[in-house]
Ligand code: F0G
């Protein structure tokens, strides 16, 4: 008798409410794609079968969170839920001050406009679309200081999110510390494939920046997932709790921007958290202009309550183990049939390597965008381009940015899909892979000015 493979990541919950899925025919999907200009962002949700576009705001909330929604204190000022959120941000993330925002980019807008002056440079471990745009709109230039391994989909480095200290130091020497208001440290690094940064690296970044009086701002959007990787991979952290690791990670930084729509298991919400009172004072003032009063920041009281409770659930060991276990399960299945993906598999997603999947398509003919469209046509599975389209255009020259990574992201909402859904997804990818040689690229039909990937339209060549 052969033994069953060990299943160590079963969901630590059972299902109480269900939402029916709609299957479509190939003809319906072809029509939907034409209407959407072959951009999966422009598809209607009703035409999608399994939605792996993003893990952002697509999470299933728990009964504990839904119960909290009923306790929403919708006072304009001083909502009870704000104080609960503040208490949990202090307890789990360790920052002193909290400014709620409607989502992550609201916090990015505040911190960028407060700290960045025209002509400044903002180093970071790979760009994120909204983060970089807010830095640029504030007059700054983003500089990528992530380690080289992060740009190599086949590198098995355990912490591909790490900052290359030589690159960071070289920038400081070149432009001077006065021109660097802060370093953005993302944990995990979304565009690198959901790859983590190590505690050792965070500590070193802290030491180097401290010497030069430069602040560190954490993008804490998926920091809990990062903490899980530290627990698995970093010596000395095996026995620590996720909550302890998260707290320690934050201790090396001065502030954090947060999209609660990821780690924190809610559908909307975010915050800026800070230790410096003067910056907090200014952020608290500015948030009134752009988001709402400083005790709600564009959120309903019930949303703040759901996020406060989400913080408590996000750090539960069984939750995070199953969350990342599911992503790894898909990664292992795809690798077992030879599909090229970014390795090691990331925290929130599996990234198909479109360069190796569709080597016949030039980068200017959008291989990853094409692959995302083909996967949808095949199966109704919606994914997202993370390649040349997402990378946008160079601020100075207007030419495309040409990222090394040309990827399609299969992003897993938390607590939403089952292992059977995962199997359907891998079969769909396999079916596209089997006919990969017939696939041709695309050209631009329409391109918007900002964050083009959201609304750009394409035509088949
Ligand atoms: N930082 C990271 C690392 C993110 O992944 C996101 C959003 C943000 C900031 C901005 O947060 O959407 O709440 O304003 N990422 C989503 C995604 C959109 O699909 O990866 P937001």
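For region 49-65, name all the residues that are in contact (Cβ under 8 Å) with a residue 60 or more places away in the chain, outside any strand (DSSP E or B) and more than 15 Å from the ligand (Cβ to nearest atom).
49, 60, 61, 62, 64, 65 - these are the residues of region 49-65 that are in contact (Cβ under 8 Å) with a residue 60 or more places away in the chain, outside any strand (DSSP E or B) and more than 15 Å from the ligand (Cβ to nearest atom).
Could you figure out which of (1) away from the ligand (no atom under 16 Å from the Cβ); (2) more than 24 Å from residue 260 (Cβ to Cβ); (3) surrounded by 20 or more Cβ atoms within 10 Å (Cβ to Cβ) isn't true of residue 31?
Exception for residue 31: condition (3).
Here are some residues: 233, 302, 284. Which one is over 20 Å from the mean Cα position of the chain (by Cα), more than 24 Å from residue 57 (Cα to Cα), crowded, with 17+ Cβ neighbours inside 10 Å and modelled with pLDDT of 95 or more?
The unique qualifying residue is 284.
Can you pull out every residue in region 252-265 that is within 15 Å of residue 110 (Cβ to Cβ) and surrounded by fewer than 24 Cβ atoms within 10 Å (Cβ to Cβ)?
Listed by number, the list holds a single entry, 254.
Sort out which residues of region 391-402 are part of a loop (DSSP other than H, G, I, E, B) and either surrounded by 21 or more Cβ atoms within 10 Å (Cβ to Cβ) or within 15 Å of the ligand (Cβ to nearest atom) (or both), and write them in order of number.
Once the filter is applied, which keeps residues that are part of a loop (DSSP other than H, G, I, E, B) and either surrounded by 21 or more Cβ atoms within 10 Å (Cβ to Cβ) or within 15 Å of the ligand (Cβ to nearest atom) (or both), region 391-402 yields only 392.
With a cut-off of at least 2 residues that are within 13 Å of the ligand (Cβ to nearest atom), name the helices (runs of 4 or more DSSP H) lying wholly within region 98-182.
104-115, 129-137
Collect the residues in region 18-48 that are free of Cβ contacts under 8 Å to residues at least 40 places away in the same chain, more than 24 Å from the chain's Cα centre (by Cα) and part of a loop (DSSP other than H, G, I, E, B), keeping them in residue-number order.
If the condition is that a residue be free of Cβ contacts under 8 Å to residues at least 40 places away in the same chain, more than 24 Å from the chain's Cα centre (by Cα) and part of a loop (DSSP other than H, G, I, E, B), then 18, 19, 20, 21, 22, 25 are the ones that fit.
Looking at 99, 89, 48 in this structure, which one is surrounded by 12 or more Cβ atoms within 10 Å (Cβ to Cβ) and farther than 26 Å from residue 349 by Cα?
Only one candidate passes the filter, namely 99.
Let me confirm something: among 214, 245, 268, which residue is within 10 Å of the ligand (Cβ to nearest atom), surrounded by fewer than 24 Cβ atoms within 10 Å (Cβ to Cβ), assigned by TED's automatic domain parsing to the domain that holds residue 130 and modelled with pLDDT of 95 or more?
Being within 10 Å of the ligand (Cβ to nearest atom), surrounded by fewer than 24 Cβ atoms within 10 Å (Cβ to Cβ), assigned by TED's automatic domain parsing to the domain that holds residue 130 and modelled with pLDDT of 95 or more holds for just one of 214, 245, 268, which is 268.
(1) out of contact with any strand residue (DSSP E or B) (no Cβ under 6 Å at 6 or more places or on another chain); (2) in the same structural domain as residue 181 (by TED's automatic domain parsing); (3) free of Cβ contacts under 8 Å to residues at least 40 places away in the same chain: which one isn't true of residue 82, the others all being true?
(3)
Do we find that residue 309 is more than 14 Å from residue 414 (Cα to Cα), out of contact with any strand residue (DSSP E or B) (no Cβ under 7 Å at 6 or more places or on another chain), part of a helix (DSSP H, G or I) and not assigned by TED's automatic domain parsing to the domain that holds residue 109 in this structure?
No; evaluated as a whole, the condition is false for this residue.
What single numbered condition from (1) surrounded by fewer than 24 Cβ atoms within 10 Å (Cβ to Cβ); (2) in the same structural domain as residue 278 (by TED's automatic domain parsing); (3) more than 22 Å from residue 324 (Cβ to Cβ) fails to hold for residue 122?
(1)
If I ask for residues that are farther than 26 Å from residue 324 by Cα, free of Cβ contacts under 8 Å to residues at least 60 places away in the same chain and part of a helix (DSSP H, G or I), which ones from region 345-377 would you list?
Scanning region 345-377 gives 363, 364.
Considering only residues that are within 16 Å of residue 354 (Cβ to Cβ), in contact with a strand residue (DSSP E or B) (Cβ under 9 Å, 6 or more places away or on another chain) and either within 15 Å of the ligand (Cβ to nearest atom) or part of a helix (DSSP H, G or I) (or both), which ones fall in region 404-431?
Listed by number, the residues that qualify are 405, 407, 408, 409, 410, 411, 428, 429.
Does region 365-373 contain any residue that is more than 15 Å from the ligand (Cβ to nearest atom) and surrounded by fewer than 24 Cβ atoms within 10 Å (Cβ to Cβ)?
yes
Considering only residues that are over 14 Å from residue 346 (Cα atoms) and more than 16 Å from the ligand (Cβ to nearest atom), which ones fall in region 217-237?
231, 234, 235, 236, 237
The values are calculated or read from the model by the stated rules, or taken from the named source; none is laboratory data. Every value quoted in this text rests on a predicted model; they were computed, and no experiment measured them. Cβ: placed from backbone, ideal geometry, glycine included. Neighbour counts: every protein chain shown.
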